[in-house]
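Please read the structure below before turning to the comments.
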Amino acid sequence: MTIQSFVPAFFIVALFSLGACNPDKLPVSDEVLESKAEAVAEKKVEEGKKTYESNCAGCHDSGVSGAPKPGDKEAWRERIAPGVAAMVKKSIEGYEGKSGVMPPKGGNDTLTDAEVSNAVDFMMVKLK
């Protein structure tokens, strides 16, 4: 057997061996999944804070048009009761309630639904 006939066979075996090391096929632990979910949630809240500060704070920090202030648990109690998903929907579509008005996307139609959702998540963190 010559070296020239050995080299191609060696590379073929090496390629098959490397294929077995595919990191996509490694099992993922519950800890890794939880850690990733926590990181995603934290990032959403961080992005929500930016959206809140640049779009929502003008009304919510001062209570304009009945906007509940962040951290005011009493003002948020009734609004939270139907769930966060319902609050996000009302924040995106707009809502007129007993004590105020929420214009669609806070009056900024350039915001994405995800940005509005993140801002709501940020405000919910303030209530904890």
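Every number in this text was worked out from the coordinates using simple rules, so none of it is lab data. Nothing here was measured: the structure is a model prediction, and the numbers come from that model. All Cβ positions, even for glycine, are placed from backbone atoms using ideal geometry, and neighbour counts span all protein chains on display.
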So the FRET efficiency between residue 127 and residue 33, C-beta based with R0 = 41 Å and rounded to 0.05, is 0.95
Taking 7 Å along the Cα-to-C-beta vector as the label spot, tell me the residue 74-residue 50 distance in nanometres, rounded to one decimal. 3.6 nm
What does a probe at residue 65 reach in region 106-128, counting residues whose amide N is under 18 Å from the point 7 Å along Cα→Cβ? 106-113, 116-117, 119-120
How much net charge surrounds residue 88 when only the other residues with a Cβ under 12 Å from the Cβ of residue 88 are counted, with Lys and Arg +1 and Asp and Glu -1? +1
Sorted on mean Cβ neighbours within 10 Å (highest first), peptides 90-96, 37-43 come out as 90-96, 37-43
Based on the mean of other Cβ atoms within 10 Å per residue, sort peptides 67-79, 51-63, 110-122 so the most packed one is first. 110-122, 51-63, 67-79
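Can you figure out the FRET efficiency of residue 86 with residue 109, using R₀ = 25 Å and their beta-carbon distance, to the nearest 0.05? Can you show the working numbers first?
Numbers: r = 21 Å, r/R0 = 0.83.
In this case the efficiency is close to 0.75.
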What lysines could a cross-link reach from residue 50, if we take a straight Cα to Cα line under 29 Å and drop same-chain neighbours fewer than 8 places away? 36, 69, 73, 89, 90, 98, 105, 126, 128
At 1.567 mPa s and 4 °C, Stokes diffusion of region 32-126 via Kirkwood alpha-carbon radius, µm² per second: 96 µm²/s
